[in-house]
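Taken together, the values in this text are just the output of simple stated rules run on the coordinates, not laboratory data. Given the structure is predicted, the values throughout are model-derived calculations rather than measurements. Quick reminder, even Gly has a Cβ in these numbers, built from the backbone with ideal geometry, and neighbours come from all protein chains shown.
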Amino acid sequence: MTPEELHILRSYRMEQARAALDDAEFLLLHNRTALSVVNRAYYAMFYAVLALLQDVSPLPAKHTGIIGLFDTNFIRTGIFDKQRSKDLHRAFDLRQASDYKTITPITPEQAREITQHARTMVETIASFLAL
C-alpha cells in the first residue's frame with residue numbers, strides 16, 4: 001500500500017469513527033435507547049482503532065483480534081495511556097453483553113460514560129494521526 005493509499009484509508013476510517021460518534025451523541029441527546037448509544041459509541045472507538053492499524057496486513061477478522069493488536073502495538077508500547085485500552089474493552093464488553101449475552105439493560109449512565117470515552121478515543125487517535 002502506498003503512503004497516499006494508507007492516508008486515504010486512515011482518513012476514511014476516521015470519518016466512520018466521527019460519524020458513529022455523532023450518531024451516539026445524537027441518540028444520547030434525544031433519549032434513545034442506551035443499547036443503541038453504546039453500539040454507536042463502541043463503533044466510533046473501533047473505527048478509530050482500525051485507522052491506526054491500516055498498515056497491518058492482514059488485519060484480524062474478529063473484533064477481539066483488532067483490540068488485541070491495538071493493545072500490543074499502542075498500549076504496551078506506551079504510545080497511548082492504558083485508560084484507552086480499558087475504555088475500549090469496557091465498550092466492547094457492554095456491546096457484546098447487551099447484543100448477545102444478557103437481558104440486563106444498559107443504563108443511561110453507562111451509555112453516557114461510554115460515549116464520553118469514545119469522544120476521548122476518537123480525538124486522541126485523530127490527533128495522533130493528524131487527521
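Summary of computed values
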| item | result |
| --- | --- |
| R0 of 41 Å, Cβ-Cβ distance Q116-T2: FRET efficiency to nearest 0.05 | 0.65 |
| Estimated [θ] at 222 nm from DSSP helical runs (n ≥ 4, -39500 (n - 2.57)) normalised by residues in the chain, nearest 500 | -23500 deg cm²/dmol |
| Relative contact order for the chain, counting Cα pairs under 8 Å that sit 6 or more residues apart, in percent | 34 percent |
| Surface/4 estimate of mean projected area, convex hull on alpha-carbon atoms of the chain, nm² | 7.7 nm² |
| Proximal charge balance of R76 [Cβ under 15 Å; K/R count +1, D/E count -1] | +1 |
| Listed residue (P58, T120, Q96) projecting farthest to the positive dipole end of the chain, Cβ model | Q96 |
| In nm, spacing of pseudo-spin labels at D93 and S36 (7 Å Cα→C-beta vector) | 2.7 nm |
